[in-house]
1. Hey, can you tell me all the residues within region 15-39 that are of a type in the set (S, T, N, Q) and either under 23 Å from Ala138 (Cβ atoms) or open to solvent by 70 Å² or more (accessible area, probe 1.4 Å) (or both)?
2. Quick one: in region 103-124, of everything that is open to solvent by 40 Å² or more (accessible area, probe 1.4 Å) and touching a helix residue (DSSP H, G or I) at 6+ places or on another chain (Cβ under 8 Å), which residue is farthest from Ser47 (Cα to Cα)?
3. I'd like the full set of residues that are in contact with an Asp or Glu (Cβ under 7 Å, 6 or more places away or on another chain) and open to solvent by less than 40 Å² (accessible area, probe 1.4 Å), limited to region 84-97.
4. Could you tell me which of the residues Val139, Val161, Val100 is surrounded by 12 or more Cβ atoms within 10 Å (Cβ to Cβ) and at pLDDT 85 or above?
5. When only residues in region 104-144 that are in a helix (DSSP H, G or I) and over 23 Å from the mean Cα position of the chain (by Cα) count, which is nearest to Ala64 (Cα to Cα)?
6. Leu70 is checked against (1) open to solvent by 70 Å² or more (accessible area, probe 1.4 Å); (2) under 23 Å from Thr127 (Cβ atoms); (3) touching a residue at least 24 places away in the same chain (Cβ under 8 Å) and fails just one. What number does that condition carry?
7. If you scan region 43-60, which residues turn out to be surrounded by 16 or more Cβ atoms within 10 Å (Cβ to Cβ) and either out of contact with any helix residue (DSSP H, G or I) (no Cβ under 8 Å at 6 or more places or on another chain) or outside any helix (DSSP H, G or I) (or both)?
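The values are calculated or read from the model by the stated rules, or taken from the named source; none is laboratory data. Quick caveat, the model's predicted, so the values are computed rather than measured. For neighbour counting, all protein chains shown are included, and Cβ atoms are generated from backbone atoms with ideal geometry for every residue, glycine included. In case anyone asks, the SASA skips ligands and DNA or RNA and just uses the protein heavy atoms, side chains included. Shrake-Rupley method; radii C 1.70, N 1.55, O 1.52, S 1.80 Å.
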Amino acid sequence: MENGSHSSRYWYGVTEEDRRRRAVEVLQAFRVYRAAEVAMRRRTRESMSMGENELLVLRYLLRATGQGRLVSPSELTRYLGVSTASTTAIIDRLEKSGHVTRVPHPTDRRSIHVVATEASDAEVRATLGSMHSRMMAAVVDMTPEECATVIACLARLQDAVDQVDPHPEGAGVPVDADAAL
């Protein structure tokens, strides 16, 4: 019969070509979002007169403060994956600009912790607060099923990019540029 499984594939879009087209559309949507986020981060760094690592350190310190944790310079070095000298330079710049302070370790006189200042917390909130509100408004009404779908998709994408090998065995194998992030 002509109306069999072939016609149902047409109506419901389950051919390999349809699946691939939808996958490319999803990856394109993520690419556009990532580009918007990169642009937002650049504007934020410029408005706060900071480099990428300075902003990362400040966000890390603010998160730690919210968790009631103190952060050592060596923890920041591990987090950023940079040298201790680079971490010291970053902390020096942030301290000079009034975004962080160095405080003595409560029990080890030889150690210090780095803490974000209240002024830097207020600056980050003023700079990013309305954007966070808009982002929350964009997702707050999602159904539990929609949330689960997005979270699962993002987890699969994270897993895919976390497995990128700097020296893949199949080097030279062509990649579909439309589908790649």
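1. Correct list: Gln28 only.
2. Across region 103-124, the extreme among qualifying residues is Ile112.
3. Selection gives Ile90, Leu94.
4. Val100
5. Glu118
6. (2)
7. Hit for region 43-60 is Met50, nothing else.
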